[in-house]
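The structure appears right after this line, and notes come after that.
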Amino acid sequence: MSPAVFRFAPSPNGYLHLGHALSALINFDMAGASSGQFLLRIEDIDRTRCRPRFEQAIYEDLEWLGLTWEQPVRRQSAHFDDYRAALARLDGLGLLYPSFESRGEIARMVAERDAQGGWPRDPDGAPLYPGNAHSLSVKERAARMQSGARFALRLDMKAALARVESLSFTETGAGPSGETGTLVAQPQVWGDVMLARRELPTSYHLSVVIDDAVQGVTHVVRGRDLFFATGVHRLLQALLGLREPIYHHHRLILDEQGRKLSKSTAATSLRALRKDGATPADIRSMVGLT
């Protein structure tokens with residue numbers, strides 16, 4: 001039997017905090033308990049925010065916590081060709097289309113629809129795509145793309161769902177309401193999700209699915225904030241013929257306001273805690289692990 005494979009996949013756009021520590025430690029501990037492998041992946045497709053110093057800090061912080069991982073480390077920015085190949089397969093199935101609206105235009109369309117009775121949001125609270133790019137002719141799409149217009153490549157959700165049987169996944173952790181076991185995947189709640197942009201041949205949803213397949217990840221262990229994203233990931237796996245991993249969504253570390261710890265809200269970093277005298281054992285205690 002092949003060993004179980006777990007992964008921790010941070011983005012180098014800031015320093016790791018306690019929320020990252022919890023996820024990394026749970027993955028590492030579960031890999032050890034199953035005599036499996038623990039991988040580290042650097043999710044650096046956002047080249048405007050990711051920095052080498054943050055990537056180096058990830059290695060230093062994880063080593064300080066006592067974690068070891070398989071080599072080599074996969075860096076997403078080195079594998080854009082993998083994502084382009086996946087996009088080409090989806091496009092060949094007739095499941096992609098370009099949308100050309102700017103963020104401002106989309107915001108105005110959403111505001112108009114909200115004024116007319118409301119517009120649906122995805123599980124993260126962002127409005128579903130409200131545009132009509134799907135109805136553009138092939139000739140008009142090609143002309144706009146060739147003219148150099150900025151665009152996003154979106155998954156035609158209705159057409160994609162028509163190609164697959166009912167989707168489910170195995171959850172060994174718990175969803176936001178305590179869901180566990182064999183659960184129904186619901187990718188439709190995301191609408192025509194964006195999978196790439198003109199200047200970037202991938203997105204989080206596409207790259208994470210491809211990376212997990214390429215690396216042979218058998219157990220995706222991550223925070224509950226990504227629970228609903230599993231629907232999109234299962235759909236992409238089914239469309240691309242990729243192996244389905246087991247999912248395990250764990251609790252989150254919250255701040256005093258009850259919000260998930262985030263780099264954007266300047267959550268205290270592991271480096272700062274270490275500078276103040278914290279030990280790896282202290283970090284385990286702070287995140288509720290023995």
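Going through the stretch 182-239 one residue at a time, which ones are crowded, with 19+ Cβ neighbours inside 10 Å, of a type in the set (Val, Ile, Thr) and within 23 Å of Asp44 (Cβ to Cβ)?
Those that are crowded, with 19+ Cβ neighbours inside 10 Å, of a type in the set (Val, Ile, Thr) and within 23 Å of Asp44 (Cβ to Cβ): Val193, Thr202, Val208, Val209, Ile210, Val217, Val220, Val221, Thr230, Val232.
What helices (runs of 4 or more DSSP H) lie completely within the stretch 12-96 and have 2 or more residues being assigned by TED's automatic domain parsing to the domain that holds Val138?
Because the criterion is at least 2 residues that are assigned by TED's automatic domain parsing to the domain that holds Val138, the helices (runs of 4 or more DSSP H) in the stretch 12-96 that meet it are 80-92.
In the stretch 238-248, what count of residues is obtained for those that are in contact with a strand residue (DSSP E or B) (Cβ under 9 Å, 6 or more places away or on another chain) and either more than 21 Å from Arg7 (Cα to Cα) or in a helix (DSSP H, G or I) (or both)?
Of the residues in that region, 1 qualify.
Which count do you get for residues in the stretch 106-121 that are in contact with a Gly (Cβ under 9 Å, 6 or more places away or on another chain) and loosely packed, with under 15 Cβ neighbours inside 10 Å?
1
Looking only at the stretch 122-154, which residues are in a loop (DSSP other than H, G, I, E, B), among the aliphatic types (A, V, I, L, M) and surrounded by 14 or more Cβ atoms within 10 Å (Cβ to Cβ)?
The answer is Leu128, Leu136.
So which residues in the stretch 166-188 are in contact (Cβ under 8 Å) with a residue 60 or more places away in the chain and in a loop (DSSP other than H, G, I, E, B)?
The answer is Leu167, Thr172, Gly173, Ala174, Gly175.
With the structure loaded, tell me whether Leu235 is touching a strand residue (DSSP E or B) at 6+ places or on another chain (Cβ under 7 Å), of a type in the set (A, V, I, L, M, F, W, C) and assigned to a helix (DSSP H, G or I) or whether it fails that test.
It is false that Leu235 is touching a strand residue (DSSP E or B) at 6+ places or on another chain (Cβ under 7 Å), of a type in the set (A, V, I, L, M, F, W, C) and assigned to a helix (DSSP H, G or I).
Any idea which of Trp64, Trp69 is over 26 Å from Leu236 (Cα atoms), touching a residue at least 24 places away in the same chain (Cβ under 8 Å) and either in contact with a strand residue (DSSP E or B) (Cβ under 7 Å, 6 or more places away or on another chain) or buried (at least 17 other Cβ atoms within 10 Å of the Cβ) (or both)?
It is Trp69.
Among what's in the stretch 32-45 and is in contact with a helix residue (DSSP H, G or I) (Cβ under 9 Å, 6 or more places away or on another chain) and without any contact (Cβ under 8 Å) to a residue 40 or more places away in the chain, pick the residue that is farthest from Leu16 (Cα to Cα).
Among those residues, the one meeting the criterion is Gln37.
Being of a type outside the set (Gly, Ala, Ser), within 18 Å of Arg284 (Cα to Cα) and surrounded by fewer than 19 Cβ atoms within 10 Å (Cβ to Cβ) is the filter here, so list the residues in the stretch 19-58 that pass it.
Asp29, Met30
Rundown of residues vs (1) among the β-branched types (Val, Ile, Thr); (2) farther than 30 Å from Met157 by Cα, yes/no style:
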| residue | (1), (2) |
| --- | --- |
| Gly223 | no, no |
| His233 | no, no |
| Leu240 | no, no |
| Arg243 | no, no |
| Ile246 | yes, no |
| Gln257 | no, yes |
| Arg271 | no, yes |
| Leu289 | no, yes |
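Taking Pro176 and the conditions (1) out of contact with any Phe, Trp or Tyr (no Cβ under 8 Å at 6 or more places or on another chain); (2) within 30 Å of His250 (Cβ to Cβ); (3) at pLDDT below 95, which numbered condition does it fall short on, given that it satisfies the others?
If we test Pro176 against (1) out of contact with any Phe, Trp or Tyr (no Cβ under 8 Å at 6 or more places or on another chain); (2) within 30 Å of His250 (Cβ to Cβ); (3) at pLDDT below 95, just (1) comes out false.
Just for the stretch 249-263: of the residues that are touching an Asp or Glu at 6+ places or on another chain (Cβ under 8 Å) and in a loop (DSSP other than H, G, I, E, B), which one is farthest from Ile26 (Cα to Cα)?
Among those that are touching an Asp or Glu at 6+ places or on another chain (Cβ under 8 Å) and in a loop (DSSP other than H, G, I, E, B), it is Leu261.
Would a scan of the stretch 204-217 turn up a residue that is outside any strand (DSSP E or B), under 23 Å from Ser102 (Cα atoms) and without any contact (Cβ under 8 Å) to a residue 40 or more places away in the chain?
Scanning the stretch 204-217, I find at least one residue that is outside any strand (DSSP E or B), under 23 Å from Ser102 (Cα atoms) and without any contact (Cβ under 8 Å) to a residue 40 or more places away in the chain, so the answer is yes.
Based on what the data block shows, is Arg284 more than 26 Å from Asp46 (Cα to Cα), surrounded by fewer than 19 Cβ atoms within 10 Å (Cβ to Cβ) and not β-branched (Val, Ile, Thr)?
Yes: the conditions hold for Arg284.
Condition first: under 18 Å from Leu90 (Cβ atoms), within 16 Å of the chain's Cα centre (by Cα) and without any contact (Cβ under 8 Å) to a residue 40 or more places away in the chain. Can you find one or more residues in the stretch 237-250 that meet it?
Yes, the stretch 237-250 contains a residue that is under 18 Å from Leu90 (Cβ atoms), within 16 Å of the chain's Cα centre (by Cα) and without any contact (Cβ under 8 Å) to a residue 40 or more places away in the chain.
The values are calculated or read from the model by the stated rules, or taken from the named source; none is laboratory data. For clarity, every value in this text was computed on a predicted model and none was experimentally measured. When we count neighbours, we look across all protein chains shown, and the Cβ atoms used for this are built from the backbone with ideal geometry, even at glycine.
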